[in-house]
Amino acid sequence: MKTVVLWGLVALNVLLIGALVDRHIMTSTALAQPAGRVSDYLTIPGHLAAYPDGVMFVLDADNHRLTGMTFDVGHKQTLWLPGIDLNKVFAAATPAVPPKTSHK
């Protein structure tokens, strides 16, 4: 009886090792890694009159978006402010005019 159980466990271990090796060979990339590069973020603390608990501004440098978040202490929840597309903001801006220089 003990030898049957022992050989059953040996066979199970061989099967599990084979499945592990097969899975390792079949997956060449890590499954948890995103397909592309993750964005760069810059966070800046600040204050707005409408949000007395403070605001954390979040700049997504790769997608050119600015948003903000605040924590509402009274309701114990995080609130996200509407995002701003910085490409539209900078496209609408007037270009700077260089100062006139005098040639002597």
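Within the range 79-96, residues that are free of Cβ contacts under 8 Å to residues at least 40 places away in the same chain and under 20 Å from Met56 (Cα atoms) sit with their Cβ atoms under 7 Å from residues that are in a strand (DSSP E or B) and acidic (Asp, Glu), at 6+ positions apart or across chains, in these pairs: Leu79/Asp72. Gly8 meets the conditions (1) more than 30 Å from Gln77 (Cα to Cα); (2) surrounded by 10 or more Cβ atoms within 10 Å (Cβ to Cβ); (3) at pLDDT below 85 in every case but one. The failed one is (3). Filtering Tyr41, Tyr51 for residues that are among the hydroxyl-bearing types (Ser, Thr, Tyr) and within 21 Å of the chain's Cα centre (by Cα) leaves a single hit, Tyr41.
Among the residues of the range 68-101, write down those that are in a loop (DSSP other than H, G, I, E, B) and within 22 Å of Tyr41 (Cβ to Cβ). Before you say what the answer is, go through the steps one by one.
Step one: list which residues in the range 68-101 are in a loop (DSSP other than H, G, I, E, B), which gives 73-76, 81-83, 93-101.
Matches in the range 68-101: Leu81, Pro82, Gly83.
For the range 41-55, the set of residues classified as under 16 Å from Val73 (Cβ atoms) and in a loop (DSSP other than H, G, I, E, B) consists of Ala50 only. Residues in the range 64-86 that are under 14 Å from Gly54 (Cβ atoms), among the hydroxyl-bearing types (Ser, Thr, Tyr) and surrounded by 12 or more Cβ atoms within 10 Å (Cβ to Cβ): Thr70 alone.
The values are calculated or read from the model by the stated rules, or taken from the named source; none is laboratory data. Because the structure is a prediction, the values reported are computed rather than measured. For neighbour counting, all protein chains shown are included, and Cβ atoms are generated from backbone atoms with ideal geometry for every residue, glycine included.
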